[in-house]
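Report on one structure; see the data block that follows.
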């Protein structure tokens, strides 16, 4: 194997080249995203602020179809404010980076695969390659769940919640974008759980019997994890923990028998 014949400095050079390609790709994507400011912010980032968002329109359609009046939210629109002179420009930069990271995830995974593959045996290469490919799909599913479901519900609840009619909500742009990007990335990463379990199963660390035995413990852990990655309200936590539990069940199916 090529990697096995390399010296320490050879491995270090391979790592340097891999990191360089990753950085160049991220910077290129970041520039593209930065230049598409109107689409990125008006069409994507800021879309969940109003009742025109796709999730709310879907809920209203279901409400009309099945006569569920309480399912369709009242028309709303959350205004955002900026309180620091340089915040909007700095947020534009940071948001461009995070979106570039999300868009470039498959390429980053592919580069990582290229680096580790030569050190593996053919059977290990097949197993790990499939896991790497599947990880990109799961990552984007996690991102979609966070953006289309978890964040809108959390935003609608917390953005409209008041302890008193005398206290108005003035949500800063920084708070909004920080909550969105952290939630989306966290859900994308958490959705990699089945891939991790699959790899651990292949190397004999866990098996199907172990996951079944500790299913109740896993539910408690998933509830804690959902509480950490979502905004501090029970409804958002429940919305997040449902797909996480489904992932746990999928992980059981992908494991080897004990």
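What follows draws every value from the coordinates through simple rules; no lab data is involved. Nothing here was measured: the structure is a model prediction, and the numbers come from that model. All Cβ positions, glycine included, derive from the backbone under ideal geometry; neighbour counts span all protein chains shown.
Quick notes
- Note on residue 175 and residue 238: with the Förster distance fixed at 25 Å, the Cβ-Cβ geometry gives a FRET efficiency of about 0.65.
- On the beta carbon distance between residue 84 and residue 223, with R0 = 51 Å, the FRET formula returns roughly 0.90.
- Helical mean residue ellipticity (222 nm; -39500 (n - 2.57) per DSSP H run of 4+; nearest 500) of the chain: -22500 deg cm²/dmol
- With only Cα atoms counted, region 73-118 has Rg and Dmax values of 18.3, 57 Å.
- Segment residue 163-residue 42, length gained on full extension (0.36 nm per residue, minus Cα span): 40.6 nm
- Once you reduce region 198-253 and region 51-116 to the center of their Cα atoms, the two points are 24 Å from each other.
- Net length gained if the chain between residue 210 and residue 245 were fully extended (0.36 nm per residue, minus Cα distance): 11.0 nm
- Relative to the longest principal axis of the Cα atoms of the chain, the long axis of helix 173-190 lies at roughly 40 degrees.
- Taking Rg and Dmax of the Cα atoms in Å as calculated from this structure, the corresponding entry among (i) 23.7, 96; (ii) 21.7, 71; (iii) 19.2, 67 is (ii).
- Taking packing as the residue-averaged number of other Cβ atoms within 10 angstrom, the listed peptides 137-150, 73-86 run from highest to lowest as 137-150, 73-86.
- At an R0 of 30 angstrom, the distance between the Cβ atoms of residue 8 and residue 129 translates into a FRET efficiency of 0.70.
- Cα-based helix-to-principal-axis angle, 54-66 vs the chain, degrees rounded to 10: 70
- The gain in end-to-end length when the residue 101 to residue 200 segment is fully stretched comes to 33.0 nm, 0.36 nm per residue minus the alpha carbon separation.
- Crossing angle, helix 8-35 versus the chain [Cα axis fit, 0-90 degrees, rounded to tens]: 20
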